[in-house]
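The values are calculated or read from the model by the stated rules, or taken from the named source; none is laboratory data. Note that this is a predicted model, so its numbers are computed, not measured. Backbone-built Cβ (ideal geometry, glycine too); neighbour counts: all protein chains shown.
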Amino acid sequence: METVIWMPVLLLGIVLIAQVSVWLLAQHTAQAAASAALDSARVDGGSAASGRAAGQQLLQGGGLGRIRDPRLEVQRGTDTVTVTVEGRVPTLLPLLDLHIARRATAPVERYTPDGAR
């Protein structure tokens with residue numbers, strides 16, 4: 001009789017551990033896409049479009065780290081670049097809706113001649 005009670009609890013615990021793993025992997029994927037987009041957009045001669053392309057390349061990769069409904073925004077100003085990645089985590093449990101968002105900001109790289117400092 002005890003097995004009937006504890007087995008669903010054990011299985012639910014296993015599924016929850018798997019869901020947390022998928023959530024962490026999606027968080028890592030979002031951060032990696034934001035970093036790739038940032039690195040591409042902030043270099044001298046880079047652009048928001050090149051950053052977007054680099055980030056999208058990572059977001060469109062398959063596997064468990066895939067983010068559902070991803071949204072990648074790259075803003076390149078005169079001094080800084082800001083990248084935002086948002087989306088939804090694939091879920092193993094019905095009625096569960098997990099959102100993720102990651103942001104990365106860095107200064108725009110500029111070439112400065114030795115005598116101009």
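A few remarks follow.
- Test: ARG52 is in a helix (DSSP H, G or I) and either modelled with pLDDT of 90 or more or of a type in the set (Asp, Glu) (or both): yes
- Residues satisfying the stated conditions in segment 61-81, i.e. modelled with pLDDT under 90 and on the phi > 0 side of the Ramachandran plot: GLY63
- Condition check for ALA26: touching a Pro at 6+ places or on another chain (Cβ under 9 Å), under 19 Å from LEU93 (Cβ atoms) and of a type in the set (Gly, Ala, Ser): yes
- Of LEU58, LEU38, LEU25, all but one fail to be modelled with pLDDT under 95, crowded, with 17+ Cβ neighbours inside 10 Å and either out of contact with any helix residue (DSSP H, G or I) (no Cβ under 6 Å at 6 or more places or on another chain) or in a strand (DSSP E or B) (or both); the exception is LEU25.
- Verdict on ASP97 being assigned to a loop (DSSP other than H, G, I, E, B) and in contact with a Phe, Trp or Tyr (Cβ under 6 Å, 6 or more places away or on another chain): no
- Residues in segment 10-41 that are of a type in the set (Ser, Thr, Tyr) and under 9 Å from the mean Cα position of the chain (by Cα) were compared, and the one that is nearest to GLN75 (Cα to Cα) is SER35.
- Among the residues of segment 66-91, those identified as closer than 16 Å to GLN27 by Cα and surrounded by fewer than 20 Cβ atoms within 10 Å (Cβ to Cβ) are ARG66, ARG68, ASP69, ARG71, THR84, GLU86, ARG88, PRO90, THR91.
- Matching residues in segment 35-56 - criterion: being in contact (Cβ under 8 Å) with a residue 24 or more places away in the chain, closer than 21 Å to TYR111 by Cβ and in contact with a Gly (Cβ under 6 Å, 6 or more places away or on another chain): ALA41
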